[in-house]
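J.: After the structure tokens below, expect a handful of questions from me.
The values are calculated or read from the model by the stated rules, or taken from the named source; none is laboratory data. Model, not experiment: these values are computed from the prediction. With ideal geometry, Cβ positions are generated from the backbone for all residues, glycine too; neighbour counts draw on all protein chains shown. Ligands, DNA and RNA are stripped out before the accessible areas are found, and what is left, the full protein with its side chains, is counted by its heavy atoms. Shrake-Rupley method; radii C 1.70, N 1.55, O 1.52, S 1.80 Å.
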Amino acid sequence: MNHRPMLTSAVLLALTLIGGTTCAGYEDDWWAPRATNPVPAGAGVRLTSDRSDYFIGENVLLNFVLENAGTEPFEASFGGDYRGSPRHLRFRIQATRADGAVAADPYPHPFCMGGIGGPITLRPGEQHCTSLPLMRYCQIEEPGVYAIRVAHGFGWRADERPRPGGEIQLAFRVPTPAEAEQVVARMEALSDDPNSTGGQSAPDYADFSCLRHPAYLEPLL
């Protein structure tokens, strides 16, 4: 079935989502002053992705993995940050190109009405994964290699130890007309349901709001 007549809203979104401000640091966050627990010993973060290179406009999922490499269990606070918002607001993501250019925030003033969530407990050797849609945090419009940095507060106060964060390098390039057609076709074949099992990496899903680059205008039309 050809779904492209249903993509008019995606075209309009591609024409309107332009500009924005750069990603803020965690210390500017509403939750930072409310952090109570110290950063636990043994807490670490890994940041992974399925590939190391992408076309601009693909729905890039970053797997943010919190690990307990210590000898004691600890609690980390997640959630309460997504209802009515285009993304989880307690995460801070910044994409910096090799020349120092920082990708803009496509949703610089997101609306949020809280959400369900609370602390999780990780025993020694356990981990908790959250898949984050990069393009809902950083509007990558120019090709190049980007350093992607992701931070979260976890409900921890940074005093003796800093909060752990993740970093990964990803390369992006502008698709040719034929490649743009293939990106849209692949996205059409995916479910648009981002639902995943809590604490585990999410499968790929369609997000047409990512297709903001002019290379996708013709395929979307």
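J.: Tally time: how many residues in segment 149-166 are farther than 21 Å from Ala101 by Cα, open to solvent by less than 60 Å² (accessible area, probe 1.4 Å) and not charged (D, E, K, R)?
T.: Keep residues of segment 149-166 that are farther than 21 Å from Ala101 by Cα, which gives 152-164.
Those left that are additionally open to solvent by less than 60 Å² (accessible area, probe 1.4 Å): 152-156, 158, 163-164.
Adding the requirement that they be not charged (D, E, K, R) leaves 152-156, 158, 164.
Total meeting the criteria: 7.
J.: Of all residues in segment 182-215, how many are assigned to a helix (DSSP H, G or I) and under 17 Å from Tyr54 (Cα atoms)? Explain how you work it out, then say what you get.
T.: Step one: filter segment 182-215 for residues assigned to a helix (DSSP H, G or I), giving 182-189, 208-210, 214-215.
Subset that is under 17 Å from Tyr54 (Cα atoms): 182-187, 208-210, 214-215.
Total meeting the criteria: 11.
J.: Tally up the residues in segment 160-181 that are within 20 Å of Ser131 (Cα to Cα), assigned to a loop (DSSP other than H, G, I, E, B) and either in contact with a helix residue (DSSP H, G or I) (Cβ under 9 Å, 6 or more places away or on another chain) or among the charged types (D, E, K, R) (or both), please. I'd like the intermediate steps shown before the answer.
T.: Filtering segment 160-181 down to residues within 20 Å of Ser131 (Cα to Cα) leaves 163-172.
Next cut, assigned to a loop (DSSP other than H, G, I, E, B) only: 163-165.
Those still in the list that are either in contact with a helix residue (DSSP H, G or I) (Cβ under 9 Å, 6 or more places away or on another chain) or among the charged types (D, E, K, R) (or both) too: 163, 165.
Of the residues in segment 160-181, 2 are within 20 Å of Ser131 (Cα to Cα), assigned to a loop (DSSP other than H, G, I, E, B) and either in contact with a helix residue (DSSP H, G or I) (Cβ under 9 Å, 6 or more places away or on another chain) or among the charged types (D, E, K, R) (or both).
J.: Enumerate the strands (runs of 3 or more DSSP E) found wholly within segment 40-112, keeping only those where 3 or more residues are touching a Ser or Thr at 6+ places or on another chain (Cβ under 6 Å). Please lay out each step first, then the result.
T.: Numbers: elements: 43-48, 53-55, 61-68, 74-77, 91-97.
Hits in segment 40-112: 61-68.
J.: Go through (1) of a type outside the set (S, T, N, Q); (2) closer than 30 Å to Gly144 by Cβ; (3) loosely packed, with under 15 Cβ neighbours inside 10 Å and name the single condition Glu75 misses.
T.: (2)
J.: Then there's this: Which one is modelled with the highest pLDDT, of the residues in segment 83-114 that are open to solvent by less than 40 Å² (accessible area, probe 1.4 Å) and among the charged types (D, E, K, R)?
T.: Once the filter is applied, the top-ranked residue is Asp105.
J.: Among the residues that make up segment 178-198, is at least one of them open to solvent by less than 30 Å² (accessible area, probe 1.4 Å) and within 16 Å of the chain's Cα centre (by Cα)? Break it down stepwise before answering.
T.: The initial filter retains those residues of segment 178-198 that are open to solvent by less than 30 Å² (accessible area, probe 1.4 Å), namely 180, 183-184, 187.
Those still in the list that are within 16 Å of the chain's Cα centre (by Cα) too: none.
For segment 178-198, residues open to solvent by less than 30 Å² (accessible area, probe 1.4 Å) and within 16 Å of the chain's Cα centre (by Cα): absent.
J.: State the number of residues belonging to segment 115-148 that are β-branched (Val, Ile, Thr) and open to solvent by less than 60 Å² (accessible area, probe 1.4 Å). Please lay out each step first, then the result.
T.: Looking only at segment 115-148, we keep the residues that are β-branched (Val, Ile, Thr), and these are 116, 120-121, 130, 140, 145, 148.
Okay, now just the ones that are also open to solvent by less than 60 Å² (accessible area, probe 1.4 Å), so 120, 130, 140, 148.
So the count comes out to 4.
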